[in-house]
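Participant: Take a look at the following structure, please.
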Amino acid sequence: MPRNAQPADPEEPIPVIGYIRVSMAREEMISPDIQRSAITDWARRTGRRIVRWVEDLDETGRNFKRRVQEAIQAIEAGEAREIGVYRYDRWGRNAVGSLANVHLVEKVGGQVQSATEPYDAETAVGKYSRTNAFAIAEMQSDIIGENWSAAIANRVERQLPGTGGKRFGYVRKGRIPDLDRPGRYRRDPDDPLGERYEIDPETGPVLAELYQRYVAGEGSHQLVIWLNSRGYRTVRGGQWHMATVLQILDSGFGAGWLRQHDRACRCGQPMRCKKATYLPGSQPPVISQEVWEQYLRRRDRTREMGPRTKQAIYPLAGLIKCGHCGYALSAANGMGVRGFGYRCTIFRQRPEVCPGVWCKRVDAEEAVLERLGEHIADLDSRARVAAAREALRISAAADRERVTRELVRVDGELKQLLKRQLGDHAVPESIYNELRDELLVARAALEVELAKAKEEERAAGIDHEPVVRGLLAEWETLPPQRRREMLARLIRYVKVYRTGNRTPPRFEVRGTWEPDVG
């Protein structure tokens with residue numbers, strides 16, 4: 001008779017940790033109440049006593065970290081002798097992980113018991129049956145995942161978001177709650193147009209203003225304050241946070257796009273990963289494509305900044321660098337003034353690489369303003385400026401065409417490799433994976449280079465004169481963060497060079513209208 005089906009001495013019931021895990025993927029969902037009831041009944045039948053419950057509400061399917069270690073530590077501490085689960089597949093992400101977790105429990109002198117699967121793991125047949133149970137559970141989970149992938153792909157082909165649900169700024173039409181299946185929706189028989197998203201007259205303009213404010217220079221922190229102070233809430237009724245705001249804006253839904261994470265990427269953070277593509281959606285946009293492209297460009301710039309630079313209190317934060325080692329300079333206090341100057345801190349760590357440099361902040365800013373003033377003077381020679389911009393544009397266009405050709409070549413090699421693998425001349429799996437990974441890495445690098453070339457080509461066609469004149473005219477009245485935002489559009493970098501022990505440093509200011517020479 002299996003051990004977990006044999007009643008123990010009622011005077012000395014076996015202490016058990018009850019472990020409950022709920023995977024929020026709909027087909028896998030087994031409510032905590034059902035699991036708790038089954039484990040409790042099993043414990044009562046077999047002479048066991050639940051001394052503690054560990055609940056793991058796994059909101060992202062198989063990706064969230066389990067609270068397994070907490071239960072194992074309780075076994076090791078002598079709090080209980082066994083861990084009771086609803087099914088063995090509740091005890092890990094997959095067959096390998098589940099068996100590894102079982103081994104960890106047995107290593108500290110405990111056992112994992114299933115309330116619904118009567119396998120005696122102390123016998124060879126029982127251990128074999130338990131291993132098969134793990135493998136079958138993993139297969140079922142994979143099938144569910146494949147079905148979900150197919151369902152998502154079908155929705156995307158219909159230009160709908162893969163997961164459905166509410167979207168801030170929009171109203172979902174054509175679907176109504178399914179009374180027979182709580183939490184599910186079904187087609188609205190009274191709506192012949194089918195499922196779709198229409199702009200919400202109340203929150204749609206709010207979503208559009210979020211994009212416009214961000215493009216104008218406000219950060220995610222300011223947007224959060226603006227939303228919460230005016231009583232706006234998320235689609236779940238909660239307060240806004242920076243991550244939530246950026247997630248909504250990055251999705252591109254308000255611009256008429258559907259964001260799709262690269263299926264080959266295994267980062268586990270699809271909403272934050274840069275490996276994503278945008279496909280056309282059926283929903284009407286709340287902003288123009290011009291605003292959307294401006295948003296993407298500013299997001300790319302802010303991703304490259306550190307947290308302090310994003311909330312910069314100094315106009316040149318992140319733009320001013322050491323001319324000797326290339327690292328960004330740090331603000332330094334002096335003369336009793338916070339941020340009196342900038343200094344390089346690398347020379348303290350690696351004096352053989354960098355001799356160190358220091359400059360007054362006001363001198364650096366004056367050098368930048370002087371360079372901008374020179375550019376305005378140069379603008380009076382329209383023909384020369386136009387010729388320089390055209391030369392930059394032609395060079396960037398040539399780079400774009402070259403990288404595009406390289407991308408086409410790499411894509412062709414990937415297709416040929418796949419055809420060969422599926423045909424009669426397949427190579428060993430390890431070699432195929434190595435070749436495929438090399439091509440994918442090369443492709444990713446080319447995509448970055450292509451994006452840079454496109455940005456260079458776009459920037460070369462921009463007339464910076466209005467921005468430069470506006471910045472010079474309003475420099476004294478603009479807040480530091482706004483100065484920083486405008487300078488980021490005009491200045492590639494400011495390099496500071498040491499000229500001697502008692503001589504002022506030399507500044508090299510390079511504008512975005514000039515070629516990037518490093």
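We did not get these values from a lab; they are worked out from the coordinates using the rules stated. Small disclaimer: the values here were computed from a predicted structure and weren't measured. When we count neighbours, we look across all protein chains shown, and the Cβ atoms used for this are built from the backbone with ideal geometry, even at glycine.
Participant: Between T116 and Y232, what length comes free when the chain is fully extended (0.36 nm per residue of separation minus the Cα-Cα distance, one decimal in nm)?
Facilitator: Extra length from T116 to Y232 when fully extended: 37.1 nm.
Participant: Please give, to one decimal in nm, the separation of the simple spin-label points placed at E476 and E293, each 7 Å out from Cα toward the Cβ.
Facilitator: Spacing of the two 7 Å Cα→Cβ label points: 3.8 nm.
Participant: On to the next question. Can you tell me the length gained on complete extension of the stretch Q212 to M139, counting 0.36 nm per residue apart and subtracting the Cα distance?
Facilitator: 21.6 nm
Participant: Could you tally the net charge around G109, taking each other residue with its Cβ under 9 Å from the Cβ of G109, Lys/Arg +1 and Asp/Glu -1?
Facilitator: Details: positive: R81, K107; negative: E76, E106.
Overall, the nearby charge balance is 0.
Participant: Further question on the same structure: If we count other beta carbons within 10 Å of each Cβ, what is the order of L487, L179, L407, fewest first? Intermediate values should be presented prior to the final figure.
Facilitator: Working: L487 23, L179 8, L407 16.
Lowest to highest Cβ neighbour count: L179, L407, L487.
Participant: Place the peptides 227-234, 466-473 in order of packing, highest mean first, counting for every residue the other Cβ atoms within 10 Å and averaging per peptide.
Facilitator: Those peptides, ordered most packed to least, come out 466-473, 227-234.
Participant: Using the structure shown, list the pairs from K173/K419; K274/K419; K274/K495; K173/K275; K127/K274; K107/K275 with a Cα-Cα distance above 32 Å, or answer none.
Facilitator: Where the Cα-Cα span goes over 32 Å, the pairs concerned are K173/K419; K127/K274; K107/K275.
Participant: Would you mind computing, in nm to one decimal, how far apart the modelled labels at I30 and K415 are, each placed 7 Å from Cα along Cα→Cβ?
Facilitator: Taking the two extended label points, one gets 4.7 nm.
Participant: Give me K415, K127 ranked fewest to most by other Cβ atoms within 10 Å of their Cβ, as a rough exposure proxy.
Facilitator: K415, K127
Participant: How far apart, in nm, are two points set 7 Å out from the Cα along the Cα-to-Cβ line at H241 and at R510?
Facilitator: For the pair H241/R510, the computed spacing is 4.0 nm.
Participant: For the residues K495, K454, what sequence is obtained by ranking on other C-beta atoms within 10 Å, fewest first?
Facilitator: The most exposed by this proxy come first: K454, K495.
Participant: Nearest 0.05, what FRET efficiency do L435 and N154 give at R0 = 25 Å with Cβ-Cβ as r?
Facilitator: So, using R0 = 25 Å, E works out to roughly 0.20.
Participant: Further question on the same structure: S129: net charge of surrounding residues, Cβ under 11 Å, Lys/Arg +1, Asp/Glu -1, itself excluded? The partial results should precede the final answer.
Facilitator: Details: positive: K127, R130; negative: E117, D120.
Local charge sum for S129: 0.
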